[in-house]
Structure formats: C-alpha cells, structure tokens
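The values are calculated or read from the model by the stated rules, or taken from the named source; none is laboratory data. Keep in mind that this is a model prediction, so the values were computed, not measured. Here Cβ is always computed from backbone atoms with ideal geometry, including for glycine, and neighbour counts include all displayed protein chains. In case anyone asks, the SASA skips ligands and DNA or RNA and just uses the protein heavy atoms, side chains included. Shrake-Rupley method; radii C 1.70, N 1.55, O 1.52, S 1.80 Å.
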Amino acid sequence: MRFFATLLSAILSVAQVMRAEPLTEYARDDRASEVTVDVDARRTAPFGLPPTLFGTFTENIWDAVYGGVWAQILHNPSFEPDHFSAQNVTDAMRYGRLVTDPSFGSGYVRVEPLVEESDRPGRFVRSSALGLPRPWEELRPAGGRYEPRDGDAANSARALLVMGLPKREVGVRQGVYLPADRVLTYRGSLWTKRAGGPAALAISLRRRDRPNEIIAHTAVGVSEAVWQRHEFTLEVAKNTIARLEKLDFCLSLADEERVLIDNVLLWPADHIEGFDPEVIAAARALKTPLLRFGGNFVSGYHWQDGVGEPERRRTLLNQAWGLPEYNHFGTDEFIRLCRLIGAEPQISVNAGSGDASEAAAWVEYCNGAPSTKYGALRARHGHRAPYHVKYWEVGNELWGDFQISWQTPEGNARRYLSFARAMKRVDPTVRLIATGADIDFYEKWNQELIRRAGDALDLISTHLVIGMQPGEQKQSGADDAFTRAADLAVPVGVGRKLDEMREQIEGDARSRARVKLAFTEWQFWSPRAEDPRFTNLGGAVNSAAFFNMLARRADFVPLSNMSNLVHFAGIHRQRGTLFVTPSYYVLQLYAEAAHYRPLAIRVRTPMYDVRNGNRRVPQIPDVPYVDALALVSPRGDEARFYLVNRHTGAEIPAVINISGFPASSESTLRQIAHDRFDAANTPENPALIAINTTTFKNNDRSQLRLTLPPHSISVVAVRRDARAADQ
C-alpha cells in the first residue's frame with residue numbers, strides 16, 4: 001500500500017513539473033556536432049505569454065530616478081542637511097564615486113575608482129566645514145560667508161544664507177553634466193529672500209574648477225524680505241561644451257549683499273513633463289508593458305510625502321539606501337511616467353513602517369472616485385479621473401533583517417491578511433501580491449502565507465538579486481571558467497526551484513489552481529566586470545535564458561519585473577549621455593512576443609553539470625549549452641525561435657526542424673553577440689553592443705540552419721507561407 005502511495009506521489013510530482021514546463025524536452029548528447037531543435041507547431045501550450053511577464057521597475061536608488069528618469073539636474077536643490085549614511089559619506093570622501101552593491105541585502109555600498117580628476121578624493125571636506133551641504137561647494141575661497149538657516153525656508157526645513165563681500169565674488173557651485181549634445185537651453189527656478197539691502201544674484205555655468213571661465217550667465221534681482229520665486233534661462237553657445245564634460249552650476253553675489261537661497265531647480269528645456277526625453281524614448285522603444293514602483297525604499301516610504309505641489313514637498317531620508325529623498329517623483333509622477341511609456345502601473349505599499357490604513361488610503365488615492373476622501377485629494381492635485389492601478393504588492397523583501405520593520409513568517413502572513421482586507425475594501429478588483437521569499441528559503445515563509453492567508457492570496461512574490469563573483473561560489477578557489485559556467489546555469493536551477501514552489505502551492509487546497517507566483521525583482525550582479533552582471537553581455541545571456549525559463553512557466557509565473565528601468569539592467573544616463581545595456585535589448589526582444597504561445601520542442605544538445613556552484617543554487621545537473629524556446633504568434637502567422645548559447649568558448653551550429661508550420665522563403669535573424677564575454681556599453685562607447693539584424697534564405701521550408709556565436713542570444717523569426725498547406 002505504501003508502495004502505491006509513493007508511486008502516486010511520484011506521478012503527481014512529475015505531472016506538476018510537466019505542467020510547469022509544458023511541451024519542452026532536453027536530450028543530452030555531449031558528442032553532438034550540432035544542436036538540433038525539433039519543433040512541432042501543431043502542439044501549442046494552453047496559454048500565451050502575458051504581457052506582464054516583461055515588466056521592469058524603478059525606485060529611488062542612486063541614478064534610477066534623480067539623475068535618471070527625472071530630468072531635473074541639480075542634487076540637494078533645497079540645501080538640506082546631508083541625508084547620506086556615514087558609510088556613504090566616508091566612501092565619498094575617500095573615493096569620490098559611490099556604487100550600490102545589491103548582492104548584499106543590507107544595502108552595502110561599494111566604491112569604484114575615480115573616473116575624473118574633478119571628483120578627486122576629499123573635495124567636500126572644506127565645503128562641509130563651511131556649512132555647505134553635499135554636493136554644494138564654495139565658488140571661490142571665501143571662508144565663512146555661508147550659514148545654513150533652519151526654520152526659515154521656502155521648501156522643506158533649511159535655506160542657505162550667502163553673505164557677499166565688497167568687490168569680491170562670493171557664491172556656491174555644484175558639478176553638473178548637461179545633455180549639451182541634445183539641447184542648449186536650460187531653464188530653472190529658485191527662491192530668494194533679501195537678508196540685507198537689494199541684491200543681484202548671478203546664475204551661471206562655468207568650467208569645472210575654473211570660475212573665471214563663464215559659459216552662460218544670467219541674473220535675478222532680490223528686492224523683497226519675503227520669499228520670492230524666480231525663473232531663469234541659461235543659453236549655451238553651440239560647440240561650447242565637450243562631450244562628457246563636467247561643468248559648475250553657480251550662484252554668486254558680487255558685492256556686500258546678503259541673500260537667502262532655497263530650492264534651486266535646473267531643467268533641460270526639452271524635458272517632457274519633468275522627465276528626460278531620451279529616457280522616455282528609450283523606455284517607449286523597450287515596450288515594457290508593466291512598471292513597478294518598488295524596492296527596499298518602500299518599506300519606509302509614506303506616499304503622502306510625494307503628492308501635492310512639488311515645490312512644497314519635503315526632502316527626507318531614504319533610509320533603505322542612506323540617500324536623500326527629494327519627493328519630486330511621487331505617485332502622480334509615477335503614473336505619468338507609466339502613461340508616457342505605455343506601461344501598466346504596479347505599486348508596492350509600505351508594509352514595513354506603514355500600516356494597513358495607509359495602504360488602503362493609497363489605493364483610494366489612485367483608484368477612488370473624486371467623491372471619496374483620497375480620490376478628492378487626487379482631484380485637487382489636478383487628476384480627477386482615477387488611475388485604475390490593478391497590481392499592488394504588499395511589502396518588499398520583508399523576510400530580510402536589512403528591511404525596515406522586517407517580519408517573521410508568521411508576522412508577514414498576519415500583516416498581509418490585514419493589508420489585503422483593508423485594501424480590497426477600498427477596491428475589490430485589485431490584484432494583490434504578497435511578499436514571498438526567495439527560491440532558496442521559501443518553504444516555511446510561503447507555507448505560513450498559505451496557511452494563514454490562503455483564501456486572500458492572488459499572487460506570491462519571489463526575488464533573485466544574485467551575486468555572480470567567485471566568492472559567491474561554494475567551490476573553494478573557483479576560477480573564472482568555473483564561475484562563468486556556474487553562473488550561466490543559474491536560470492536552469494531557478495526554474496527547477498520554481499517547480500518546487502509550484503508543488504507547494506498546488507499541494508494545498510487553499511491555494512491550488514488559483515494562486516500564482518510573481519517574480520517582481522531579478523538581476524545578475526558582480527563587482528567584477530568580467531563576471532555576468534547587469535551591464536555586460538554575460539549578464540544579457542543570463543537574462544535571455546531567464547526569460548526562456550519564465551516563458552515556459554508563464555501559466556504559473558504570469559508576472560515578472562527585470563531590474564531596473566534606469567541604472568541597472570536597462571537604460572543608463574551617465575555624464576550627460578544616454579546608453580542602454582545588452583540586457584535592455586534582451587527585454588526588448590522578448591517583450592515583442594507578448595501573447596505568443598510556446599510550441600512543443602525537443603532540444604538535443606551537449607550539457608554540463610554544476611557541483612558546488614553559486615551559493616543560491618549550487619547543484620545544477622544537466623545544464624544545456626543551448627537553451628531554446630519556440631513561440632507562435634496569436635494569429636499563427638509567425639514563429640519565433642529564441643536560442644541562447646551558454647558556451648563561452650565555442651560557436652555552436654544549430655538546426656531547427658519545423659513540422660506543422662510551412663515557413664516562407666526568408667527568415668530574419670537578430671543576434672546579440674560580441675567576441676568578449678564582458679563587453680558592455682559605456683558613455684565613451686554607447687553602441688558597442690546592439691541587436692544585429694540580418695535576413696537569410698530558407699532552402700528548405702521545414703528546416704533552418706544557423707551558427708550560434710559563443711555567449712550569444714539569437715532570435716529567428718519566420719513567416720508562414722500562406723501558399724503552402726500545413727505538413
């Protein structure tokens with residue numbers, strides 16, 4: 001009897017895996033001279049790929065928002081105290097440039113070597129001693145001619161008093177990069193208050209650290225002893241600024257005058273409703289259908305700080321990352337961004353320091369009628385029509401003690417249930433995403449969610465922000481070859497873990513056939529440029545394999561968010577220049593396939609085994625060198641084949657045998673490839689990696705032949721030959 005019970009359990013387990021990865025089979029052949037992909041287009045999956053599988057997200061972390069998608073150029077515009085953690089300040093003094101390391105859940109910040117002399121170590125030591133908050137500095141040596149003034153500010157809590165000298169220029173400056181290759185007109189605003197007699201405040205752009213070399217100049221009169229708002233324009237002459245050149249934005253007095261200054265804003269004249277136009281264009285071209293407002297910072301974010309008149313919003317501490325939060329980019333701006341790029345909004349609520357009533361009020365602000373309390377508040381802010389936000393995530397990574405008000409499994413489940421009840425009372429139509437755990441420690445955490453809140457669950461989240469460096473491998477003394485092989489196997493190991501997570505959900509009557517998984521954050525990281533990371537080709541290979549893995553499981557994982565729209569695996573805006581990563585192109589290629597259906601395939605390929613690999617998924621046997629996915633369009637008139645070559649040292653010939661889909665005489669091949677595994681786009685070389693598109697003739701309508709370069713992504717698209725009958 002026990003034997004039959006065990007056999008039945010094994011059969012059910014296999015059935016679960018088959019449902020999780022439908023119609024896909026890999027056959028190991030380590031001596032194969034070519035990879036064969038047999039496609040049966042007469043057998044399709046019972047589901048199409050939901051557009052929400054190809055989402056991304058944003059949060060205030062370094063250049064993702066401020067200095068990224070948001071076009072306003074100046075940092076700390078209202079001269080607030082340094083909202084930087086001690087580690088951030090120490091590293092900035094020593095090294096000058098900060099780079100977040102998301103492989104550490106605690107928000108550890110590592111530093112990179114200086115990239116320019118103008119940001120030499122310790123440049124803010126003197127300015128901070130004078131009472132100037134980072135990143136403001138004195139324009140010329142003037143000693144103690146500055147005073148931070150608390151309790152008398154046009155914005156937030158603090159203003160800056162600048163005290164001039166007779167026949168000497170006294171002022172402040174901030175290093176900036178301008179998109180001068182795109183636009184030469186810059187418009188701004190600032191608030192002033194006379195602290196002595198009438199004054200003239202000069203506004204200028206100058207060469208970095210060369211105050212006598214003025215590039216653009218204007219001035220505003222300060223005549224009132226009450227706060228006044230001024231607008232100004234700076235015009236830059238053509239060919240004045242070199243590409244990637246850093247300038248100083250300056251405010252100065254030329255005589256014995258005293259002026260309080262606050263909330264200085266500077267915009268390129270071509271901004272789109274506050275957003276950088278190049279970022280908007282790149283995001284539109286990406287065609288991501290879903291944008292998540294989330295990340296660690298939401299565990300301490302209170303949404304009402306980010307609504308209302310933008311120039312009245314307070315600068316606060318972003319506790320998650322030890323950064324200032326200017327609150328320029330709040331709910332209304334996030335929705336506007338979604339509308340501009342054609343993405344559906346997805347919002348993570350504060351389930352850390354926040355409570356259920358605050359979350360419910362946020363839902364009402366977004367979705368409530370103008371007759372409701374918070375719907376009326378939205379209408380007063382100029383947005384009468386509801387936003388109709390469908391996807392709401394209850395918390396972010398609350399399992400980690402690096403998170404503000406982190407939870408135990410039991411506490412998370414209880415809090416989710418209270419949040420779900422409050423939020424659905426406001427809008428019963430919303431789809432909620434509970435905070436689940438990552439693939440390597442999900443069992444107890446997710447089980448508590450199912451046990452305590454199973455009937456209230458819609459989706460459960462999981463994340464994978466994973467380090468790729470040798471120190472992340474369990475094998476001691478791992479060399480580069482082993483590290484890369486283990487890292488490129490991670491998507492295979494993650495897929496098998498997702499199958500186990502599915503078994504847990506399907507094994508409980510409270511969640512079976514109803515609750516799905518949402519992969520709301522994923523990214524590949526290493527501090528070493530030679531490892532697979534979000535910026536280079538190796539990371540893009542992993543991203544493509546990850547999408548193949550998710551697509552095969554899209555009936556169970558209908559939603560994912562690749563990190564990040566700006567600054568990580570997507571769009572980068574650095575030193576006044578925009579470029580995109582190889583993973584951006586990967587997401588673009590897959591997002592095009594929304595609503596396509598997976599086809600039955602059998603892949604015969606060499607494989608390798610990973611033992612003691614990446615600590616998150618150390619044991620991964622039978623890793624195919626070629627990872628394949630076949631799709632057919634909703635109308636059945638196009639088939640696509642996504643092929644990922646994991647081999648870092650060899651090109652692999654591949655043949656695609658197609659039955660049930662008579663191909664036309666021409667195919668389109670798009671590849672992302674380069675000789676170097678660690679090739680990456682940079683401000684100096686922004687187009688090193690791109691999609692290379694070619695066409696080739698099909699000598700046989702049922703067979704395609706191509707060569708897969710090492711560490712590459714290949715996408716073949718073929719149209720159905722309307723004149724031919726199906727085979």
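Brief remarks on what is shown
- Only Lys, Arg (+1) and Asp, Glu (-1) charged, at Cβ; the range 366-422 dipole about Cα centre in debye: 520
- Ordering G539, F524, I505 by Cα displacement along the dipole of the range 501-554 toward the positive end leaves I505 in first place; charges were set at the Cβ atoms of Lys, Arg (+1) and Asp, Glu (-1).
- Helix 2-20 vs. the chain, principal-axis angle (Cα, 0 to 90°, nearest 10): 50
- Sparse packing (at most 16 other Cβ atoms within 10 Å of the Cβ) combined with a DSSP loop state is found for the following trypsin sites (Lys or Arg not before Pro) in the range 644-692: R676.
- Rounded tilt (10° steps) of 331-341 against the dominant C-alpha axis of the chain: 60
- Evaluated over the range 513-665, the Cα radius of gyration and Dmax, each in Å: 16.9, 52
- Annotation note: trypsin sites (Lys or Arg not before Pro) in the range 443-482 located in DSSP loop regions with a Cβ neighbour count of at most 15 within 10 Å are K474.
- In this Cβ point-charge picture (+1 for Lys and Arg, -1 for Asp and Glu), the range 626-687 has a dipole of about 180 debye about its Cα centre.
- Of the chymotrypsin sites (Phe, Trp or Tyr not before Pro) found in the range 223-257, not one falls in a DSSP loop while having at most 14 other beta-carbon atoms within 10 Å.
- The range 123-231: relative contact order in percent, alpha carbon pairs under 8 Å with at least 6 residues between: 20
- Estimated dipole of the chain in Debye, rounded to 20 [Cβ of Lys and Arg +1, of Asp and Glu -1, Cα centre]: 1060
- Mean projection area, nm², convex hull over Cα of the range 207-344: 11.7
- Shape call, the range 158-208: gyration tensor on alpha carbons, a/c limit 1.5: prolate
- For the range 270-429, the spread of Cα positions along each principal axis, largest first, Å: 50, 38, 33
- q = 0.07, 0.08 Å⁻¹: log10 I(q)/I(0) that the Debye formula gives for the chain, counting C-alpha atoms only: -0.53, -0.68
- Note on the chain: with neighbouring protein chains present and a 1.4 Å probe, carbon and sulfur make up 50 percent of its accessible heavy-atom surface.
- For the range 444-501, the per residue solvent-accessible surface stands at 32 Å², with DNA, RNA and ligands left out and a 1.4 Å probe.
- Accessible area per residue for the range 511-629, computed on protein heavy atoms with a 1.4 Å probe, is 21 Å².
- Global form of the range 358-422, assessed from the alpha-carbon gyration tensor, a/c cut-off 1.5: prolate
- Over 20 Å apart at the Cα level, from the set K444/K474; K287/K424; K373/K424; K167/K246, are K444/K474; K287/K424; K167/K246.
- Among beta bridges that DSSP assigns inside the chain, antiparallel share in %, nearest 5: 70
- Figure legend: label point modelled 7 angstrom from the Cα of E235 along Cα→Cβ; residues of the range 140-184 with amide N under 12 Å from it are 184.
- Sequence-distant contacts, meaning Cα pairs under 8 Å at least 6 residues apart, place the relative contact order of the chain at 17 percent.
- Solvent-accessible area of T218 with every protein chain in place, 1.4 Å probe, in Å² to the nearest 10: 40
- Summed over qualifying helices (DSSP H, 4 residues or more, each -39500 (n - 2.57)) and divided by its residue number, the chain shows a 222 nm mean residue ellipticity of -6500 deg cm²/dmol.
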